[in-house]
1. Before rounding to the nearest 500, sum -39500 (n - 2.57) across all DSSP H runs of length at least 4 in the chain and divide by the residue total; then give [θ] at 222 nm in deg cm²/dmol.
2. For Asp128 and Leu91, FRET efficiency with R0 = 25 Å and r from the beta-carbon atoms, rounded to 0.05?
3. Normalised by the residues of segment 32-176, what does the relative contact order come to in percent, with Cα pairs under 8 Å and at least six apart?
4. Hey, what angle do you get for helix 133-146 against the long axis of the chain, alpha-carbon based, 0 to 90 degrees rounded to 10?
5. Nearest 10 degrees, 0 to 90: what angle lies between the long axis of helix 26-41 and the longest principal axis of the chain (Cα atoms)?
6. Just for the Cα atoms in segment 94-136, what are the lengths along the principal axes, largest first, rounded to whole Å?
7. What order do you get for 59-68, 82-91, 131-140 when each peptide is scored by the mean count of other beta carbon atoms within 10 Å, highest first?
8. On full extension of the chain, what length is gained from Asp147 through Phe23, given 0.36 nm per residue of separation minus the C-alpha to C-alpha distance?
Amino acid sequence: MIRDVLKMGDPRLLRVAEPVSDFGSPHLRALIEDMLDTMAARDGAGIAAPQIGVNLRVVIFGVESHPNYPGAEPVPQTVLINPVIEVLSPLEQEGWEGCLSVPGMRGWVPRFGHIRYRGADAQGKPIDRTATDFHARVVQHECDHLDGILYPQRIRDLTRFGFIEALFPGQKLSDD
């Protein structure tokens with residue numbers, strides 16, 4: 001089922017999400033299905049449970065290609081529960097980001113370029129991967145939602161934050 005996405009300003013987006021303990025439950029399966037449907041309907045690269053008003057540490061991400069990020073490498077379709085991110089290099093990369101909860105806008109955001117992420121899939125099986133570049137950016141963006149952080153809070157130069165049509169005149173970009 002396609003769910004409404006909370007918008008920046010909704011206090012539910014600022015909460016720290018609770019860990020999942022009921023792996024494989026019908027409730028968790030339904031949540032993941034709704035998140036997948038909502039992400040697909042809005043052409044997102046990822047979504048976090050808090051964005052649809054569910055205060056659990058669940059993120060979904062994955063993209064083969066996306067018109068907003070030409071040239072970005074594919075990111076494997078992943079359900080990641082109770083994630084932990086480890087920074088493998090302190091070097092940051094800056095890049096444009098959008099968000100389903102901040103529709104119509106883009107910002108130039110610094111992210112670590114090389115990370116390791118761990119967590120579990122929907123059945124509770126361990127996930128342990130390293131990621132670089134765009135893949136690392138997507139994971140960090142989605143996991144930030146679990147700690148009540150939206151990408152505008154990470155922008156260092158607000159002259160590089162604005163509405164899509166003003167920043168990229170004539171380009172057709174979606175909200176994520």
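Where a number appears in this text, it was derived from the coordinates with a stated rule and is not lab data. None of these values were measured; they are calculated from a predicted model. Note that we place each Cβ from the backbone using ideal geometry, even for glycine, and neighbour counts take in every protein chain shown.
1. Result for the chain: -6000 deg cm²/dmol, rounded to the nearest 500.
2. Efficiency computed from Cβ-Cβ geometry: 0.70.
3. On the way: 283 pairs, mean separation 37.0, N = 145.
Relative contact order comes out at 26 percent.
4. Taking Cα atoms only, the helix is inclined about 60 degrees.
5. Roughly 20 degrees, rounded to the nearest 10.
6. Extents along the principal axes, in whole Å: 36, 22, 10.
7. Details: 59-68: 18.1, 82-91: 13.5, 131-140: 22.0.
Averaged packing, sorted descending, gives the order 131-140, 59-68, 82-91.
8. Working: separation 124, 0.36 × 124 = 44.64 nm, distance 2.07 nm.
Stretched fully, the Asp147-Phe23 segment lengthens by 42.6 nm.
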